[in-house]
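Colleague: To start, I am sharing the structure in question, which I have written as structure tokens.
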Amino acid sequence: MSFESLGLAPFLLRALAEQGYETPTPIQQQAIPLALAGHDLLAGAQTGTGKTAAFGLPLLQYLGTEPQKVGPGPRKPRALVLTPTRELATQVHDSLRGYSKYLRIPSAVIYGGVGMGNQLDSLRRGVDMVIACPGRLIDHIERRSIDLSGIEVLILDEADRMLDMGFLPSIKRILAKLPKQNRQTLLFSATFPESIKQLAMEFMRNPREVQVTPQNTVAETIAHRVHPVDTARKRELLLHLLGQDARVQTLVFAKTKHGSDKLATHLEKAGIQAAAIHGNKSQGQRLRALGDFKSGKVKVLVATDIAARGIDIDQLPRVINYDLPMVAEDYVHRIGRTGRNGANGEALSLVSQEDAKYLRQIVRMLGRDMEIRDLPGFEPQVPIRWGNSAPGKAEQPGGQRPPRKPGGGRGRRPSGGGEGQAHAHAGNRGGNGRSGARAPAAAHAHQRNQQRNGGGPRRDANR
Ligand code: AMP
């Protein structure tokens, strides 16, 4: 299938060809014709699927060919794209600018953490398209520097993430400012929890649904590997892994802002060029860190989940989970940055006893095997109790660790020696992955195991 056959105009086809886009991705194939026909759309797609062009191309075609609906008067924005983070807003804006190279569509990107001046200037000059994060957009609404009464197309990008970040009240306030009639709404989301469905019912009219990647899947070309380790030795193990091939660009995920800063500093001290990116960094710092990472000046970028949303780096060869995410779906978002377009990727996770419960959920959600490999010299002092419901070749009575190859004993060995290996596997292969629910048997096993381990999940004050 070609972009021409989707009904796109020559001015877009030319820009796409120049960017090297040859064939539309599955989400583009499904979403573009429906959006061009004017339908509202509920689209299930995550980062890396080509979702930006899936909503961006029909949007630009509309703006480039349809005359403005509102009458004369000062220019008002005709299209609004809402995104959860500044990084994603910038990235969407850049992508749309690229696709609209042969159009004249003035636009503004609006997010917090930077001065108002530039944003006010562009809004005053008049724009057709606004790409915005909800918080700062509300500021503009309150000071009346933006008039949303002329919006003809609304796009909610990564809607689930916006809701996760607590933007629902802001989104509702924004939606209340938009015209109710003659508006097209496209909602893109990786997951569809009840809250999103409700939002869709309230604010969309008869939306068509498209879904590309079955949710909770990652590219088949990625090798997932788990290295068991004691929490206290994670840094050492990270240095060891990074040291194996210092040229590989690596995105490292840590769970806290403070933790990512400390880790980046530690890596720097060890002679590895590293930077941290998280919510406490200014926009300038984040952009600089990202730019340095993309250009290769920085080899290791340490990120928290929220800051990493929307980071668009093609063909990232390696992601290391220094800490596992507490929400299994975040694993998919993290790993979605590697193995794109059929490239090989590596996803390594450093898993201590306190991460074990998260690993169980991730394995169950992915529905595929994960190799567990002890690295000689880094084996945990006390074998990790994985829990009854996997991971491990066999369900382990008493929640003991999965089987190891001979030679992968628990004592530390200086070096050499075989690497103990096992596979984590999912108990729930048949699940559709959409609901995120556990198979009943697995859920019971999980509960039993928690009781045995003395109660529910431990809380870490640092989170
Ligand atoms: P997205 O999911 O929108 O973040 O896009 C992921 C990456 O794929 C971006 O770097 C896009 O530039 C790229 N991309 C999107 N659509 C295509 C396509 N049809 N052909 C080649 N690359 C694409």
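Colleague: May I ask you to verify whether Thr90 is β-branched (Val, Ile, Thr) and farther than 20 Å from Thr185 by Cα? So that I can check it myself, show each step before the final result.
Modeller: Working: β-branched (Val, Ile, Thr): yes; farther than 20 Å from Thr185 by Cα: yes.
So Thr90 passes the test.
Colleague: Evaluate the following for Ile272: is it farther than 30 Å from Lys294 by Cβ and not assigned by TED's automatic domain parsing to the domain that holds Ile384? First the steps, then the outcome.
Modeller: Working: farther than 30 Å from Lys294 by Cβ: no; not assigned by TED's automatic domain parsing to the domain that holds Ile384: yes.
In short, no.
Colleague: Taking Leu120, is it in contact with a Ser or Thr (Cβ under 6 Å, 6 or more places away or on another chain) and surrounded by fewer than 20 Cβ atoms within 10 Å (Cβ to Cβ)? Lay out the reasoning, then the answer.
Modeller: Working: in contact with a Ser or Thr (Cβ under 6 Å, 6 or more places away or on another chain): yes; surrounded by fewer than 20 Cβ atoms within 10 Å (Cβ to Cβ): yes.
Yes: the conditions hold for Leu120.
Colleague: I would also like to ask the following. Are there any strands (runs of 3 or more DSSP E) wholly within the stretch 1-120 with 1 or more residues that are free of Cβ contacts under 8 Å to residues at least 60 places away in the same chain and more than 10 Å from the ligand (Cβ to nearest atom), and if so which? If you could, list the steps in order and put the result at the bottom.
Modeller: Values: elements: 41-44, 79-82, 107-110.
Counting at least 1 such residues, we get 107-110.
Colleague: Going by the conditions given, is Thr250 more than 28 Å from Gly56 (Cβ to Cβ) and hydroxyl-bearing (Ser, Thr, Tyr)? First the steps, then the outcome.
Modeller: Details: more than 28 Å from Gly56 (Cβ to Cβ): yes; hydroxyl-bearing (Ser, Thr, Tyr): yes.
Judged against the criteria, Thr250 is a match.
Colleague: Can you confirm whether the stretch 307-323 contains a residue that is closer than 26 Å to Arg385 by Cβ, out of contact with any Ser or Thr (no Cβ under 8 Å at 6 or more places or on another chain), outside any loop (DSSP other than H, G, I, E, B) and modelled with pLDDT of 90 or more?
Modeller: Scanning the stretch 307-323, I find no residue that is closer than 26 Å to Arg385 by Cβ, out of contact with any Ser or Thr (no Cβ under 8 Å at 6 or more places or on another chain), outside any loop (DSSP other than H, G, I, E, B) and modelled with pLDDT of 90 or more, so the answer is no.
Colleague: Across the stretch 139-162, what is the number of residues that are surrounded by fewer than 20 Cβ atoms within 10 Å (Cβ to Cβ) and free of Cβ contacts under 8 Å to residues at least 40 places away in the same chain?
Modeller: 6
Colleague: Let me ask something additional. For Cys133, which of the numbered conditions (1) away from the ligand (no atom under 16 Å from the Cβ); (2) surrounded by fewer than 19 Cβ atoms within 10 Å (Cβ to Cβ); (3) not aliphatic (A, V, I, L, M) fails to hold?
Modeller: (2)
The values are calculated or read from the model by the stated rules, or taken from the named source; none is laboratory data. If you're wondering where the values come from, they're calculated on a predicted model, not measured in any experiment. A quick note on method: Cβ atoms are made from the backbone with ideal geometry, for glycine too, and the neighbour counts reach across all protein chains shown.
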